[in-house]
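Take a look at the structure below.
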Amino acid sequence: MLASLFKCFKRKPSAVVQTSETVDVTPPPHPLSDMEKNGYRTLAALCLAKEKQDEMAVFIDNLNDFEGDDGYFRTLNYVMDWEDDHDLFFIMAVDWKEEVDTLEWRIDNAVKNNFGLCISLPDPQDYSDTPVYDPKVFPDYEAALSKHDLKLGFIDTQADEYVFFVHRTADQSAVEEAVRQIGYQYK
């Protein structure tokens with residue numbers, strides 16, 4: 001009798017089932033809205049070099065919504081990360097306490113790569129350890145850009161970074177609308 005009782009316990013299936021398969025619990029991606037895609041397309045057409053626009057268009061056409069994503073938190077962060085990986089100097093970010101040389105490098109590359117211009121920008125050495133949040137930094141760069149009918153556009157992300165891009169002064173209203181379409185305010 002003891003042997004049959006032991007046999008009964010031995011056959012009881014385990015409550016834990018082991019499998020060699022990996023189960024993906026990530027929800028399926030949601031495509032980005034047509035309005036947001038249109039906003040990114042418009043910004044690219046106004047602020048990105050013509051030869052880079054096709055590559056960006058393919059990226060935008062396949063772009064998913066990253067709002068609330070654990071890694072990127074929002075779609076704009078994913079877009080900026082992809083652009084950095086592809087050296088586009090399109091929509092860029094600098095931390096509020098970043099030194100001016102990083103800002104200068106980004107602006108200089110955006111102007112050269114997207115507008116084909118080599119312009120004189122303020123020398124980062126003139127700011128010696130001054131962070132970009134210093135009240136004179138952005139106006140000095142704006143003054144240099146304005147001589148070439150260019151300006152900095154800012155995307156208000158309500159974060160501790162400056163998200164910006166370079167655009168033609170004449171395109172400001174179209175750029176403002178495109179930024180609104182991607183879900184932000186232009187500053």
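Can you give the charge dipole size of the range 43-177 about its Cα centre, rounded to the nearest 20 debye, using +1 on the beta carbon of Lys and Arg and -1 on the beta carbon of Asp and Glu? Could the numbers behind the result be given before it?
Working: 10 positive and 32 negative charges, 130 e Å.
It comes to approximately 620 debye.
Provide His86, His167 ordered by accessible surface of protein heavy atoms (probe 1.4 Å), highest first. It would help to have the intermediate numbers written out before the result.
Values: His86 70, His167 0 Å².
Correct descending sequence by accessible area is His86, His167.
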So how do 38-45, 115-122 stack up, highest first, on mean other-Cβ count within 10 Å?
38-45, 115-122
Considering only Leu117, Phe164, His148, whose Cα is most displaced toward the positive end of the charge dipole of the chain, charges sitting on Cβ of Lys, Arg (+1) and Asp, Glu (-1)?
Phe164
How big is the accessible area of Arg168 in square angstrom, nearest 10, if you roll a 1.4 angstrom probe over the protein chains?
100 Å²
Note down the Stokes-Einstein diffusion coefficient of the range 110-154 in µm²/s, whole number, using a Kirkwood radius over alpha carbon pairs, 10 °C, and 1.306 mPa s.
139 µm²/s
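Starting from the Cα-Cα distance between Asp34 and Asp69, subtract it from 0.36 nm times their residue separation and give me the gain in nm to one decimal. Intermediate results must be reported in sequence, preceding the final value.
Working: separation 35, 0.36 × 35 = 12.60 nm, distance 1.93 nm.
Additional length available on full extension: 10.7 nm.
Kindly provide the helix-only [θ] at 222 nm of the chain, computed as the sum of -39,500 (n - 2.57) over DSSP H runs of four or more divided by all residues, to the nearest 500 deg cm²/dmol?
Values: 7 runs with 83 residues, N = 187.
Rounded to the nearest 500, the figure is -13500 deg cm²/dmol.
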Residues of the range 95-111 with the amide nitrogen closer than 14 Å to a label point 7 Å from the Cα of Ala159, along Cα-to-Cβ, please.
95-97
In square angstrom, rounded to the nearest 10, how much accessible surface does Lys50 have for a 1.4 Å probe?
150 Å²
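Please compute the volume of the convex hull spanned by the alpha-carbon atoms of the chain and report it per residue in Å³.
Values: hull volume 33.0 nm³, N = 187.
For the chain, the hull spanned by Cα atoms encloses 176 Å³ per residue.
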For the range 36-108, what is one quarter of the convex hull surface built on the Cα atoms, given in nm²?
5.5 nm²
For Gln125 and Arg168, extending 7 Å from Cα along the Cα-Cβ vector and measuring point to point gives, in nm, a value of 3.5 nm
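The values are calculated or read from the model by the stated rules, or taken from the named source; none is laboratory data. Keep in mind that what you see is a predicted model, and the values were worked out from it rather than measured. As a convention, Cβ positions derive from the backbone with ideal geometry for all residues, glycine included, and neighbour counts pool all protein chains shown. Remember, those area values only see protein heavy atoms, side chains included, never the ligands or the DNA or RNA. Shrake-Rupley method; radii C 1.70, N 1.55, O 1.52, S 1.80 Å.
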